Amino acid sequence: MSATAETMAPPAVATRARRRCRAATAARLLAAAPEAAADIEWDVLDAAPAWLALDAVACARLQCRVGALLCQAELRLWIDRPRVAAARAAVGEAFWKALLARPPLPLPAPPRLGEAAQVPERLQALGAAVLWTALPAGLRRAVTPLLAAPAPLELHPEAARQLLAAVETLEIEP
């Protein structure tokens, strides 16, 4: 960090961070959906969730983690080693441990995850559905290409935002 940044007041640092996040989000949206992104106003971009600035790999991992939290009740019951290994690999070891250590959330049961080979894709699709649902309506069309194909899921937007916030409290490793 430069001497200037170290001596800056916290609001100035926060403003710079917000601008960097907004620029990264705008760049991702423009690359993925230029026509849809062109219609987005700055105020909508300012209200965009920070996860939109993540690169593709980190975004895929986030989708899997959100899907895993959504499916936590099912995952806690698994004894099938290949499925457990697939889920653990999709979300990361530290997140997996934190997920199993927390009490289950009172959520409606999502679709079953299936066999081990399907687990990462299903977790990501369910997570994508939650992330998409949590988005402000003005961003959904532009963000769709950045997410895995969302699984069918009926979830209220506020519940989706709460689920995302819960994932953020569990995130330990990138």
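The values are calculated or read from the model by the stated rules, or taken from the named source; none is laboratory data. Just so we're clear, the structure is a prediction, and the values are computed from it rather than from any experiment. We place every Cβ from the backbone using ideal geometry, glycine too, and count neighbours over all the protein chains shown.
Could you check how many residues of the range 88-126 are within 19 Å of residue 169 (Cα to Cα), small (Gly, Ala, Ser) and assigned to a helix (DSSP H, G or I)? Looking only at that region, the number is 4.
Only a single criterion out of (1) within 17 Å of residue 149 (Cβ to Cβ); (2) surrounded by fewer than 14 Cβ atoms within 10 Å (Cβ to Cβ); (3) within 11 Å of the chain's Cα centre (by Cα) is not satisfied by residue 114, namely (3).
In the range 127-174, the qualifying residues are those that are acidic (Asp, Glu) and part of a loop (DSSP other than H, G, I, E, B), and the one that is nearest to residue 114 (Cα to Cα) is 154.
Can you find a residue in the range 65-77 that is out of contact with any Leu (no Cβ under 9 Å at 6 or more places or on another chain), of a type outside the set (Ser, Thr, Tyr) and without any contact (Cβ under 8 Å) to a residue 60 or more places away in the chain? Within the range 65-77 (the criterion being out of contact with any Leu (no Cβ under 9 Å at 6 or more places or on another chain), of a type outside the set (Ser, Thr, Tyr) and without any contact (Cβ under 8 Å) to a residue 60 or more places away in the chain), the answer is yes, since at least one residue qualifies. Assess whether residue 64 counts as being under 18 Å from residue 160 (Cα atoms), surrounded by 13 or more Cβ atoms within 10 Å (Cβ to Cβ) and modelled with pLDDT of 95 or more. Judged against the criteria, residue 64 is a match. The numbered conditions (1) free of Cβ contacts under 8 Å to residues at least 60 places away in the same chain; (2) surrounded by fewer than 16 Cβ atoms within 10 Å (Cβ to Cβ); (3) within 13 Å of residue 124 (Cβ to Cβ) are all true for residue 101 except (3).
Residue 48 falls short of the stated requirement of being part of a helix (DSSP H, G or I) and either modelled with pLDDT under 85 or closer than 22 Å to residue 165 by Cβ (or both).
Residue count for the range 67-82 under the criterion of being among the hydrophobic types (A, V, I, L, M, F, W, C), crowded, with 21+ Cβ neighbours inside 10 Å and in a helix (DSSP H, G or I): the result is 4.
Mind checking whether some residue in the range 53-61 is out of contact with any strand residue (DSSP E or B) (no Cβ under 7 Å at 6 or more places or on another chain), in a helix (DSSP H, G or I), surrounded by 11 or more Cβ atoms within 10 Å (Cβ to Cβ) and at pLDDT below 80? Checked the range 53-61: no residue is out of contact with any strand residue (DSSP E or B) (no Cβ under 7 Å at 6 or more places or on another chain), in a helix (DSSP H, G or I), surrounded by 11 or more Cβ atoms within 10 Å (Cβ to Cβ) and at pLDDT below 80.
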